[in-house]
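The values are calculated or read from the model by the stated rules, or taken from the named source; none is laboratory data. This is a predicted model, so every value here is computed, not measured. Positions of Cβ are backbone-derived with ideal geometry, glycine not excepted, and every protein chain shown enters the neighbour counts.
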Amino acid sequence: MADDWRDYLTSEGDGTMRIKAHGRMKVDARLVTDEAHLLKHADDRGPEQLINAASLPGIVGEAWGMADWHFGYGLPIGGVIATDTEQGDFGGAISPGGVGFDINCGVRMLALDATEKDIPNLKKLAGRLAGRIPAGASGKGGLDITMSDLDNIIQGGAPAAIELGYGYDEDLRHLESGGQLETIDAEISQRARERGLRALGTLGSGNHFLELQTVGKTVDATTAEKWGLYEGQIVAMIHSGSRGLGHQVCSDHVRSLERRYKQQGNIWVDEEWGYELADRQLASAPFHSPQGQAYFDGMNAAANFAFANRSALAHRLREVLRLEMGEDGEAKTLYDVAHNIAKVEIHRIDGKGCTCCVHRKGATRAFSGDSPEMKHSNHLSGQPVLIPGDMGTGSWVMAGPKNGQNIAFGSSCHGAGRAMSRSKAKQTIDGKALKLELESRGIRIHASTPNVLSEEAPDAYKDVDDVIDLTAKAGLARPVVRLNPLAVIKG
C-alpha cells in the first residue's frame, strides 16, 4: 500500500506546505496553500500527481503546486517543475504531460484610456464583440491565411502576425519572450497544420474568454500608476491558446512517447533511457535526445501560433472598440503571458546556477523587475502577472518581485483554479439562471450554450481573492489591482 502523502505534510508558515520526499520522490513537493485552503479543496489527486512528478529524471529544486492547483493530465494544473538540462549525457526529462495539451494557453491584457461612461452603449458593444470574436470548439470564423502564412507564424509568432497586419510593433516589448520562441525545424504534423490553418483569431471553448473589465480596488498604487492603470479604467483580457494546432502537437508527442514505456509492477519503464516513471501520463524524453528536441521544437512552434492567435484576437477587439468608441477605443497592450509552456531558464539551485527546463502547466511566469528578460520592457517594478478569476467575481493583476527571482522558479498561479469538475458543474448549476443573475448585476454575458456557463460558473472555481492572498503570502507575486467584469464573451 502506498504511503499517505499527508503523513509527510508540514506547514512552512509562509502560505506554503511541504510534502517531504518519500518513496520514489527525488525532491520535496510544495503546495501554495494553508490548512484552511487545503481542507476546503481536499481532492487528493492533484498532490498525488505532484508527488509522481517529483520522481522525474533530472528534477531539481522542488515540485510546486500553485494556489490554483487541481487535477490534470500527468501533472496537476497549477504545477511547476524544473529539470536540469545538463544532467548526464542527454539532460533531464522534458514531458509533454508537464506542459499540457493547450500549448501556450495564456492571457493578453489591453488597457484603454477610458472609463465605462465613455462606452455609448455597452449592450451593443458586447453584442458586436460576440459577433466579431469567434468562440466555440469548431474554429469557425478564423482569419483567412495561406499555408505559407501559417509556416511563417509557427516560426515567427506574434511578429509574423504583425507582418500580416494583426497587431502593432509596439506590442512586442510587452509580450513574454517578445511573442516568439526559437524553432529549428518546426516539424509539426500535417494534421496539426490543417487544424491551425482555420483557427487563427478564434477564442476556443471551455475556460477561454474575452472579457471587458474595469479597474477596481488598487493595492499597489505606485506600480499601477507606472503601468498606466487607474480606478474605473476599462481594460480587456483575452484568454486563449494554440487551439487545435497545439492540441495536435501535444497529442502526437504524447502518443509517441507513451508507446515507449512498458509497465513493470507499479512503474513505467523506458529501457533505452533507463527512465522509470510513476505515471505513464508523465511520459518523458531526455531533453537533448532527438525525441526531446523534437517535442521542444514542436511545442515552441505551437507556442508561436498561440502568441500570433492572441495578436489576431487583439486586432479584432481593437477594430470593434474603434467602431463603437472612436478614439476612446484605442487599446494598448499591458502584457501577454503564457500558461502552458516549457522554457529553458537559468535558476539558482542550492546556491549554484542551473540551466533548467521549467515546465509551467496552468502556471504563469512572474519574473522580477531586475531579470534580464525585463530590460527591454517598462516593467522594471516586476513583470505583470495576469490572473483571471471568474466571470462573476473578478480578476487580478499582480506583479513579480521588484528584485530577485521568487523561490518557485519565477512562477505564480494563473487563475482561480477549478473547485468543481465540469461534469459536476453541469449537473448542479443552471446556466440560464446564472446568465440572468449576472446580467441583473450589470455584467453582459454572451456564450454559445448554457452548458458553457454552468461549467464556467463562479461556484465552479476557487475564491480568486483567497488564491491571490496565498500567492502574495508565499512571496511569489504581489497584488496590484483587482478587476471587475463588465462584458464576457465565451465559447
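Figures for the structure shown
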| item | result |
| --- | --- |
| The lone exception for A42 - which of (1) closer than 22 Å to S421 by Cα; (2) in contact with a Ser or Thr (Cβ under 6 Å, 6 or more places away or on another chain); (3) without any contact (Cβ under 8 Å) to a residue 60 or more places away in the chain; (4) not aromatic (F, W, Y) it fails | (2) |
| Pick from segment 329-348, criterion of a type in the set (V, I, T) and buried (at least 18 other Cβ atoms within 10 Å of the Cβ), ranking: nearest to S242 (Cα to Cα) | I341 |
| Scan of segment 443-456 for residues that are more than 19 Å from the chain's Cα centre (by Cα) and either at pLDDT 90 or above or buried (at least 16 other Cβ atoms within 10 Å of the Cβ) (or both), ordered by number | I443, R444, I445, H446, A447, S448, P450, V452, L453, S454 |
| Matching residues, segment 413-450, being part of a helix (DSSP H, G or I) and of a type in the set (A, V, I, L, M) | A425, A433, L434, L436, L438 |
| Selected residue (only one of F296, F307 is aromatic (F, W, Y), more than 18 Å from I81 (Cβ to Cβ), surrounded by 23 or more Cβ atoms within 10 Å (Cβ to Cβ) and out of contact with any Leu (no Cβ under 6 Å at 6 or more places or on another chain)) | F307 |
| Every residue from segment 349-376 that is of a type in the set (D, E, K, R) and either exposed (fewer than 13 other Cβ atoms within 10 Å of the Cβ) or part of a helix (DSSP H, G or I) (or both) | D350, K352, E373, K375 |
| Selected residue (criterion: farthest from D466 (Cα to Cα)) from residues of segment 1-21 that are touching a helix residue (DSSP H, G or I) at 6+ places or on another chain (Cβ under 6 Å) and in contact (Cβ under 8 Å) with a residue 24 or more places away in the chain | W5 |
| Per-region count, segment 13-23, residues surrounded by 13 or more Cβ atoms within 10 Å (Cβ to Cβ), closer than 11 Å to E35 by Cα and of a type outside the set (A, V, I, L, M, F, W, C) | 2 |
| Residue match in segment 264-284 (condition: in a helix (DSSP H, G or I) and crowded, with 23+ Cβ neighbours inside 10 Å) | yes |
| Residue match in segment 45-65 (condition: among the aliphatic types (A, V, I, L, M) and in a loop (DSSP other than H, G, I, E, B)) | yes |
| Where a residue in segment 159-188 is under 18 Å from L386 (Cβ atoms) and its partner, wherever it lies, is part of a loop (DSSP other than H, G, I, E, B), with Cβ under 6 Å and at least six apart | R173/H376; R173/S377 |
| Complete set of residues in segment 31-45 that are surrounded by fewer than 23 Cβ atoms within 10 Å (Cβ to Cβ) and of a type outside the set (D, E) | A36, H37, L38, L39, K40, H41, A42, R45 |
